[in-house]
Structure formats: C-alpha cells, structure tokens
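**Q** Okay, here's the structure, questions in a sec.
Read-outs: derived from the displayed coordinates by stated rules, not from any lab. These numbers come from a predicted model, not from an experiment. Using ideal geometry, Cβ is built from the backbone for each residue, glycine included, and neighbour counts are taken over all protein chains shown.
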Amino acid sequence: MNLEGEDWRVDYVMPESLRGSLSAVLLCRGPLLDGSGGVPSRIVPKIGHILADCRVIAPWQAHGSAIAQGRAIWALPQRVKADGVHLDSSFDRLGRVAAMLRFADCVPILLASASPRPWAVVLHSGFKGTLHDIFGEAWRGLRAFYGSEGYIIDPGRTYAWIGPAIGPCCFTRAVTETLALRAAAEWGSEYSRRDGGLVHLDLMGVIAANMRSAGIPTENIMTLPLCSKCHSDKFYSYRSGDSDDRMALIAKLTVP
C-alpha cells in the first residue's frame, strides 16, 4: 500500500507481459474520496490526474453477476447495471476508456492477461456476488468471447488480484439466514466457521479457490488479505459505519 498525502491507495504491480498495456489503482480512504458518497460524477472530477482524459465506465452496482463490455457507449453519463466491466482493445478500438467500480467491504477483483491480446476484467464481489460466483460468470464469458474468435483463454497466462475486503474475522451472517446456510454448505469448513448463532465467511478465500479451480496458477493470484473493517483507518467499511463513501478501483487498458 502507498500513502499519498493523506490518501491511502493500492497500486497494482503488473507482470512484464502487461506493463505498458494495463494500469490499475485502488483509491482508499482519504480526503480525495471523503464526501463523494461513492457517486461516480463526484469522484471523476477529483481524479483527472489518474484518468488522463479517459472516458469512464462506472456501472450501477447491484450485487449481481452481470458483466458489461467496456464500450464507449456505456461511458458516463450512461450507467449500465452491472458488477463488472470487461476491457478489450477490440471494443470501438479503445485506447481512452477506464473502468471504475466502488467498494466498502465487498471484494475488488482484477483479472488480466496479454493472451490472445491485452484484456482486463474488474469485478465487484460482495456476499451475493461471491455466492453467485461472479468470477465464474466472468471466466465463462471470457472463454466464450475469445472462443468466438477462435482463441482459447490460457489460465496459465492469466493474472488475478483480490482484495482488500472484509475478512472472515468480521464478516458474519446469522445461522438462521438461508443464504448463510447455503454458503456454509457450498464453501465447506475451510471457508466458513460457525460461532454460536453466527457464521464467519471467507469471501477472499473462496474467490481465490475458484480461481485455482479454473486453472489460474497460485503464483498468478495476488491477494491483499487486509480486512477492511479491521483496518477502517485505511479503507472505507460499510460495517464500520461508512454508509456512503466508497473506495474506487480504476483500471485502464492503453493499447495502440
């Protein structure tokens, strides 16, 4: 993590194959985003130095599993309903478009590869998104998209970044909740733990496990396992009282 002035941020380090093609940053707690209420139209004017004149795709996030294509027609002020954005140079021959998603305890995910050409997917995976496997939806969508062009997505050349987000130490649901029982049953004891009337759930752990099951090598999966609630001095946390302000994950694909 880096601190610029009074603003916390996470700068994503790209593998050699993506340097110069993809950049990403997670803006965390600080004056830059304080008071923005997680509203893209309030955030964008503050981060022009990061966007560098890019048009911004910032969908309405609905805790679902829909993934929007990163086309200029969906850039602000348009707001498609989705919890992910797929960036690819073939969409309108993009070079000046950025994806932005907002977070306060939910899991930020970035997927990227230089094969068959540079692409990236940003995802917002809360409890429902993780339970409905938004990563799996994105992965199947990527395979279908590039498969229609005759390419095969190589998981061995795919990279993933997970977190920071609320950890199993703080993310609990009542054992009486249907979705909590379903999650505990599907994820097993490795990623769920019952403690009295509560179930502790490990969202980041489940997502990483799903990525490994898809064939992405463990060494290609970067996790920042800091709990946003435990470290609410650095991250906005809904469960710590941040009902409006959000962190912002910005990814830019810059391909000639």
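**Q** When only C-alpha pairs under 8 Å and at least 6 residues apart count, what is the relative contact order of the range 106-256, in percent?
**A** Working: 234 pairs, mean separation 38.8, N = 151.
The normalised contact order for the range 106-256 reaches 26 percent.
**Q** Report the residue, chosen from Leu87, Leu198, Leu27, that carries the largest GNM mean-square fluctuation when the chain is represented by alpha-carbon nodes joined by springs under 10 Å.
**A** Judging by the Gaussian network model, the answer is Leu198.
**Q** Here's a follow-up. Which GluC sites (Glu not before Pro) in the range 1-75 sit in a loop by DSSP (not H, G, I, E or B) and have at most 12 other Cβ atoms within 10 Å of their own Cβ?
**A** Glu6
**Q** Want the number for Met1 to Asp154: 0.36 nm per residue separation, take away the alpha-carbon distance, what's left?
**A** Numbers: separation 153, 0.36 × 153 = 55.08 nm, distance 2.94 nm.
Full-extension gain reported as 52.1 nm.
**Q** Here is a further query. Which residue fluctuates most in the GNM of the chain (Cα springs below 10 Å): Val199, Val97, Val107?
**A** Answer for the Gaussian network model of the chain: Val199.
**Q** Taking the Cα centre of the range 29-96 as origin and charging only Cβ (+1 Lys, Arg; -1 Asp, Glu), how large is the dipole, in debye to the nearest 20?
**A** So the magnitude is around 120 debye.
**Q** Let me ask something additional. Taking a quarter of the surface of the convex hull around the Cα atoms of the range 63-180, what do you get in nm²?
**A** 8.5
**Q** Further question on the same structure: Run the dipole for the range 59-181 about the Cα centre, Lys and Arg Cβ at +1, Asp and Glu Cβ at -1, nothing else charged, and hand back the magnitude in debye, nearest 20.
**A** Rounded to the nearest 20 debye, it is 260 debye.
**Q** What is the local net charge at Ile134, summed over the other residues whose Cβ is closer than 10 Å to its Cβ (Lys, Arg +1; Asp, Glu -1)?
**A** -2
**Q** Which of Tyr146, Tyr191, Tyr159 moves the most in a Gaussian network model of the chain with Cα springs under 10 Å?
**A** Result for the chain, Cα springs under 10 Å: Tyr146 fluctuates most.
**Q** Across the Cα atoms of the range 1-87, what radius of gyration and what greatest pairwise Cα-Cα distance (Dmax) are found, in Å?
**A** Over the range 1-87's Cα set, Rg and Dmax evaluate to 14.0, 37 Å.
**Q** Next question. Against the empirical 2.2 N^0.38 Å scaling, what ratio does the C-alpha Rg of the chain come to?
**A** Working: Rg = 17.5 Å, N = 256, 2.2 N^0.38 = 18.1 Å.
In units of the 2.2 N^0.38 Å rule of thumb, it is 0.97.
**Q** If you don't mind, another one. If neighbour count is taken as other Cβ atoms inside 10 Å, put Arg239, Arg246 in order from fewest to most.
**A** Arg239, Arg246
**Q** Still on this structure, I have one more. Among Gly196, Ile152, Pro15, whose Cα sits farthest toward the positive end of the charge dipole of the chain (+1 at Cβ of Lys/Arg, -1 at Cβ of Asp/Glu, about the Cα centre)?
**A** Most positive-ward Cα: Ile152.
**Q** Treating cross-link reach as a plain straight distance, find the lysines whose alpha-carbon is under 24 Å from the alpha-carbon of Lys234, omitting any fewer than eight places away in the same chain.
**A** Within the straight-line cut-off, Lys234 pairs with Lys46, Lys252.
**Q** Extent of the range 33-83 along each principal axis, from alpha carbon coordinates, in Å, largest to smallest?
**A** Cα spread of the range 33-83 along its principal axes, largest to smallest: 29, 23, 15 Å.
**Q** Okay, next question. For the range 170-216, what class follows from the C-alpha gyration tensor (a ≥ b ≥ c being the square roots of its eigenvalues): rounded when a/c is under 1.5, otherwise prolate if a/b is larger than b/c, else oblate?
**A** Judged from the Cα gyration tensor, the range 170-216 comes out prolate (a/c at least 1.5, a/b above b/c).
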